Amino acid sequence: MPAAPDIRYTRDHEWVSLDGDVATIGITDHAQEALGDIVFVELPEPERAVTEGEACAVVESVKAASDVYAPLSGKVVEINQAVIDDPALVNGDPMGGAWFFRLELDEPEAFDALMDEAAYAEYLETL
Amino acid sequence: MSPPPDEPAATLPTPPALATTPLDAWHRRLGARMVPFAGYAMPVQYDFAGEMAARCRGGVLGEHLHCRAQAALFDVSHMGQAWITGAGADAVLETLVVGDIAGLREGRQRYSLLTNDQGGILDDLMIARAAPGADGTQRLFLVVNAANKEADFAHIAAHLPPGVTLTPLPARALVAVQGPAAAAILGALDPATAALPFLGFATARLAGIDCLISRSGYTGEDGFEISCPAEQAEALADALLGFSALIPAGLGARDSLRLEAGLCLHGNDIDPATNPIEAGLTWTIGKRRRMAADFPGAGPILAALAEGPARLRVGIRPEGRAPARAGTAILNEAGETVGTITSGGFSPSLSAPIAMGYVRRDAAGDGTKLWLSVRGQRLPAQVVPMPFVPHRYIR
């Protein structure tokens, strides 16, 4: 049986998965649920260098706009055009097909410092 | 991801003394997400389950589209209801509002504005004339905005002569049933309601409950607003929910529906610094009132009418997909700031962003190209006529 993929989380409700030194980032199911119907997504320009904690994408529901923060520092190497074209994908498949962008990490080992699934679940309990 | 600003961060303590409407428990049973609004815990949207989920998937988009396609119930019990009664009540109210109230016939309702001496809009409100009391005195029924109700009632009470009485009705609930199926639903409960014209006002007996109803609303659809005693609000709401065309809808859908209908939200699109002319509400000023120039702020308001206002409220369509929210700066083609968006969001019916705001008069013509300053970018937009979605009031 293959191991469950190692997905990490931030307190701002981004998820991160790592493949080599490239991280894939999206927003969690909790986040899409809290936002409600998502109608607009803005993603960073490819090649943009971002710093951990920097606002680098925007997700808007019918009600309001929210920033999405870079969970780690790195360079944007790919963005997901599909969520720009169809923002409702974020409500439907937040942890899969509706990833937002990919970062080539400055320090891939920083990934290990992010919350794992159990820690994030515990964190959600405190909200 | 940051929490949306219109929802309370989950870590914040519950604000003290948040009032509840008579339907609070009813909303929670139906899966409402409650948020603070104007001092009340109010449903912003619903996560439906069971049979209700089969009617509608819930959420702002689903609730909005269901209202346009069938019918939705909105709890607006947070709004202020009151009677003004006594001999000459209409003439007294005319000293505070711009509308022709003396000319308002029994069984009719009118949209009006409370103005200040500078011509600013203290609040917008609905005024209806009920049948006279047993002693023949006038009875006017008022509905004002939740956020302004205490100030409005204090303002009105301070201007009443002896013999005219303002009676706020905090023990009454108010629900709106809106959408193309609204008339069939109310007609099934009381056939007489079907004959009520647009902006008609009457008593009705719905599911054994004595109600005051008006054929009005805040969505651009045909519909009714129903006032009933607070303790009977759940029974009324349950009776309405017995019709499968109906779902409850929250403040989120209420806001997107009224924006599509081009209707003002006091505090956003009109306020004490806005005059009725620039707001495009000249039609609320009665002809007789205009001639007599006898309403608060008549000087500045009629001057704005004669000279043309410096700025105008207009509809705006951003060209891309990015919504432009309230507070967004509006620039003309030359790059000068010419105005500000006062309400903006996403139109579920058009599947595109829409907005309204004030622009300098030279930028207010339909088709005028503008730029919107959103997150440091300039997004192209255009002035368009409102409503964004045609009204479907019964005529």
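The values are calculated or read from the model by the stated rules, or taken from the named source; none is laboratory data. Here the structure is a predicted model, which is why all the values come from computation and not from measurement. When we count neighbours, we look across all protein chains shown, and the Cβ atoms used for this are built from the backbone with ideal geometry, even at glycine.
Collect the residues in region B:192-202 that are under 22 Å from the mean Cα position of the chain (by Cα) and either surrounded by fewer than 18 Cβ atoms within 10 Å (Cβ to Cβ) or not in a helix (DSSP H, G or I) (or both), keeping them in residue-number order.
Residues satisfying the conditions are B:L196, B:P197, B:F198, B:L199, B:G200, B:F201, B:A202.
Name the residue that is surrounded by the fewest Cβ atoms within 10 Å (Cβ to Cβ), counting only residues in region B:260-309 that are touching an Asp or Glu at 6+ places or on another chain (Cβ under 7 Å) and either β-branched (V, I, T) or free of Cβ contacts under 8 Å to residues at least 60 places away in the same chain (or both).
B:P309
One residue is enough: does region B:169-191 have a residue meeting the conditions closer than 25 Å to B:T21 by Cα, in contact (Cβ under 8 Å) with a residue 40 or more places away in the chain, polar (S, T, N, Q) and surrounded by fewer than 19 Cβ atoms within 10 Å (Cβ to Cβ)?
Within region B:169-191 (the criterion being closer than 25 Å to B:T21 by Cα, in contact (Cβ under 8 Å) with a residue 40 or more places away in the chain, polar (S, T, N, Q) and surrounded by fewer than 19 Cβ atoms within 10 Å (Cβ to Cβ)), the answer is no, since none of the residues qualifies.
Every residue, every condition in (1) at pLDDT 95 or above; (2) surrounded by fewer than 22 Cβ atoms within 10 Å (Cβ to Cβ); (3) among the small types (G, A, S), yes or no:
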| site | (1), (2), (3) |
| --- | --- |
| B:L18 | no, yes, no |
| B:A25 | yes, yes, yes |
| B:R28 | yes, yes, no |
| B:R33 | yes, yes, no |
| B:M52 | yes, yes, no |
| B:R57 | no, yes, no |
| B:E63 | yes, no, no |
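Would you pick out the residues in region B:48-64 that are touching a helix residue (DSSP H, G or I) at 6+ places or on another chain (Cβ under 9 Å) and of a type outside the set (K, R)?
B:F48, B:M52, B:C56, B:G58, B:G59, B:V60, B:L61, B:G62, B:E63, B:H64
Being among the charged types (D, E, K, R) and within 30 Å of B:H64 (Cβ to Cβ) is the requirement here; does A:D93 meet it?
When the stated conditions are applied, A:D93 passes them.
Residues that are within 12 Å of another protein chain (Cβ to nearest Cβ) and at pLDDT 95 or above: which strands (runs of 3 or more DSSP E) entirely in region A:44-127 hold 1 or more of them?
A:55-61, A:65-69
Pick from region A:1-43 the residues that are at the interface with another protein chain (Cβ under 10 Å from one of its Cβ atoms), β-branched (V, I, T) and under 29 Å from B:G320 (Cα atoms): which of them is surrounded by the fewest Cβ atoms within 10 Å (Cβ to Cβ)?
A:T28
Condition check: of a type in the set (K, R) and either assigned to a loop (DSSP other than H, G, I, E, B) or over 23 Å from the mean Cα position of the chain (by Cα) (or both). Does B:R139 satisfy that?
For B:R139, the condition - of a type in the set (K, R) and either assigned to a loop (DSSP other than H, G, I, E, B) or over 23 Å from the mean Cα position of the chain (by Cα) (or both) - is not met.
Being part of a loop (DSSP other than H, G, I, E, B), over 18 Å from the mean Cα position of the chain (by Cα) and aliphatic (A, V, I, L, M), is that true of even one residue in region B:367-388?
Taking every residue of region B:367-388 in turn, none turns out to be part of a loop (DSSP other than H, G, I, E, B), over 18 Å from the mean Cα position of the chain (by Cα) and aliphatic (A, V, I, L, M).
Pick out, from region B:11-125, the strands (runs of 3 or more DSSP E) lying fully within it that include 2 or more residues that are within 30 Å of B:R139 (Cβ to Cβ).
The strands (runs of 3 or more DSSP E) meeting that bar are B:40-46, B:71-75, B:80-86, B:109-115.
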